[in-house]
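Student: Sharing a structure, written as structure tokens. Questions coming.
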Amino acid sequence: MGWMIGRTAALSNPENARRKAVEKLRELAELEDAESVVFPILIDALLMVESYRGARHQISFLPELTESVDALLRELTIMEKAKEWAAP
């Protein structure tokens, strides 16, 4: 997943990092069942935010959010590769 945005890049240029993420997420429209992939990520993100709010401890839902995001990125990468291979 060469498009990934590193921590340094995200912190030093958040606008560029957001643009890069938006470009990647445009492919969601072509996923067969995008809602089933995106909805769990939103739930995990909400839980992570609520669990982190005002706390000074490890974010307990971060592993689940990471897994959800990784699954989404895998699906998007598969679609991109399929398009590349199908192109003449």
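Student: Among (1) modelled with pLDDT of 85 or more; (2) not in a helix (DSSP H, G or I), there is one condition Met4 misses while meeting the rest; what is its number?
Tutor: Among (1) modelled with pLDDT of 85 or more; (2) not in a helix (DSSP H, G or I), Met4 violates only (1).
Student: Where the second residue is assigned to a helix (DSSP H, G or I) and modelled with pLDDT of 90 or more and the first is of a type in the set (S, T, N, Q) and open to solvent by 70 Å² or more (accessible area, probe 1.4 Å) and lies in segment 21-44, which pairs have Cβ atoms under 8 Å and are six or more apart or on separate chains?
Tutor: Every condition considered, no pair remains.
Student: Here is a further query. Looking at (1) under 10 Å from the mean Cα position of the chain (by Cα); (2) basic (Lys, Arg); (3) over 24 Å from Glu27 (Cβ atoms), can you tell me which one Arg56 breaks?
Tutor: (1)
Student: Within segment 45-88, track down each residue that is surrounded by fewer than 15 Cβ atoms within 10 Å (Cβ to Cβ), part of a loop (DSSP other than H, G, I, E, B) and not β-branched (Val, Ile, Thr).
Tutor: Arg53, Gly54, Ala55, Arg56, His57, Gln58, Ser60, Ala87, Pro88 - these are the residues of segment 45-88 that are surrounded by fewer than 15 Cβ atoms within 10 Å (Cβ to Cβ), part of a loop (DSSP other than H, G, I, E, B) and not β-branched (Val, Ile, Thr).
Student: A further question follows. Taking segment 44-86, which residues are at pLDDT 85 or above and over 22 Å from Met4 (Cα atoms)?
Tutor: Ala86
The values are calculated or read from the model by the stated rules, or taken from the named source; none is laboratory data. If you're wondering where the values come from, they're calculated on a predicted model, not measured in any experiment. No Cβ is skipped: glycine too gets one built from the backbone with ideal geometry, and neighbour counts run over all protein chains shown. Remember, those area values only see protein heavy atoms, side chains included, never the ligands or the DNA or RNA. Shrake-Rupley method; radii C 1.70, N 1.55, O 1.52, S 1.80 Å.
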